[in-house]
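The values are calculated or read from the model by the stated rules, or taken from the named source; none is laboratory data. The structure presented is a predicted model; accordingly, all values stated were derived computationally and were not measured. Glycine also receives a Cβ, built like all others from the backbone with ideal geometry; neighbour counts cover every protein chain displayed. We work out accessible area using only protein heavy atoms, side chains counted, and drop any ligands, DNA or RNA first. Shrake-Rupley method; radii C 1.70, N 1.55, O 1.52, S 1.80 Å.
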Amino acid sequence: MIPLEAKTEGFRCVLIVLVSYGVLYPVLMMLENSRTTAVAGAVVFFLTASLLFYLSIKQRGTVRGNYSGIFSGLFFWASIGELLESAGFVKIESWMNMPLYFALLLMFLLLWWSGQISSSPAFGNAHFLAIWGLHAYMVNQYNLLGKTHWSTYLSAFVFGMMAVLFAFKLTKAKSRDEAMAYGLAMLLTGWTVIEYLWGWGIVPGP
């Protein structure tokens with residue numbers, strides 16, 4: 001029988017991270033108003049992410065450690081992928097950075113499969129790399145092909161099906177770690193579909 005607390009934690013993870021996205025977005029928009037505030041915010045977020053990643057290692061194997069990992073990944077992205085990019089220091093979604101991305105992804109997967117990294121800090125790495133990969137895929141697709149190219153509709157369908165699959169997997173999860181992982185994956189792929197809807201102008205968005 002599937003433990004109820006596992007599924008509950010998975011759906012709680014979706015809700016907590018989704019609310020965090022909603023709170024973080026206007027803060028990022030405010031900080032991006034000038035280069036000075038963007039850089040200052042990036043430094044604060046990077047230090048916060050580093051502390052959270054350290055806590056995820058210290059608290060590994062616990063739900064609290066998993067959330068520390070998840071939020072470390074989110075704040076690393078906010079620092080590097082949003083604020084430093086808006087300040088003009090990096091162009092993280094550029095196809096020229098894809099070799100670095102795939103090198104980091106391969107390193108993470110090798111560490112994970114070999115058991116060298118525990119679940120809590122793994123959440124941090126996976127969250128950061130997932131946001132980066134999805135963002136880079138969509139931005140480069142838009143830049144090279146356009147926002148209404150047929151491939152964007154195919155991509156949205158695939159990501160939508162992935163979100164449904166992850167939601168199903170969440171309901172079958174046998175541990176809290178597994179449920180939280182599927183919940184986060186469901187949220188990220190589902191959010192990507194929403195961003196496609198924004199790009200097509202079907203729903204209002206940033």
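For the range 117-125, the Karplus equation 6.51 cos²θ - 1.76 cosθ + 1.60, evaluated at θ = phi - 60°, returns couplings of 10, 7, 4, 5, x, 5, 4, x, 4 Hz by residue, with Gly and Pro reported as x.
Given (i) 19.0; (ii) 17.8; (iii) 17.1 as candidate values of Kirkwood radius over Cα pairs in Å, which corresponds to the one derived from the coordinates? Recomputing Kirkwood radius over Cα pairs in Å here gives the entry labelled (ii). The stretch between THR62 and ASN97, if pulled fully straight at 0.36 nm per residue, gains 9.2 nm over its current Cα-Cα span.
Over the range 86-189, consider all pairs of different Cα atoms and compute the Kirkwood hydrodynamic radius from their mean reciprocal separation; express it in Å, one decimal.
Hydrodynamic radius (Kirkwood, Cα pairs) of the range 86-189 is 15.4 Å.
Extension gain for the segment LEU18 to TRP200, taken as residue separation times 0.36 nm less the Cα-Cα distance, is 63.3 nm to one decimal. Here the range 86-128 has an Rg and Dmax of 12.7, 38 Å, counting Cα atoms alone. Taking Cα pairs under 8 Å and at least six residues apart, what relative contact order does the chain come out at, in percent? Dividing the mean separation by the residue count of the chain yields 29 percent. Its Kirkwood hydrodynamic radius, worked out from the mean inverse distance over all distinct Cα pairs, puts the range 12-53 at 11.3 Å.
Between PHE168 and VAL90, what is the FRET efficiency for a Förster distance of 45 Å, r being their Cβ-Cβ separation, to the nearest 0.05?
Efficiency at R0 = 45 Å is approximately 0.75.
For the range 83-90, the Karplus equation 6.51 cos²θ - 1.76 cosθ + 1.60, evaluated at θ = phi - 60°, returns couplings of 6, 5, 5, 5, 7, x, 7, 9 Hz by residue, with Gly and Pro reported as x. Heavy atoms of the protein chains alone define the surface here; on that basis the chain has 54 Å² accessible area per residue at 1.4 Å probe size. Rounded to the nearest Hz, the phi-derived 3J(HN,Hα) couplings of the range 25-37 under the Karplus curve 6.51 cos²θ - 1.76 cosθ + 1.60 (θ = phi - 60°) are 4, x, 5, 5, 4, 5, 5, 7, 5, 9, 5, 5, 5, where x marks glycine and proline. Straight-line cross-link partners of LYS169 among the lysines, defined as a Cα under 24 Å from its Cα and at least 8 positions apart when in the same chain: LYS7.
Here the sum of -39500 (n - 2.57) over DSSP H runs of 4 or more residues, divided by the residues of the chain, equals -26500 deg cm²/dmol at 222 nm, to the nearest 500.
One Cα centroid belongs to the range 1-78, the other to the range 139-206; the line between them spans 19 Å.
Could you work out what % of the accessible surface of the chain is carbon and sulfur, using a 1.4 angstrom probe and leaving DNA, RNA and ligands out of the count? Carbon-and-sulfur percentage of accessible area, whole number: 72. Here each label is just a point 7 Å from Cα along the line to Cβ, and for TYR153 and TYR54 those points are 5.2 nm apart. Amide H contacts under 5 Å for VAL90: GLU85, restricted to partners 5 or more places along the chain or on a different chain, H placed in the peptide plane at 1.01 Å from N.
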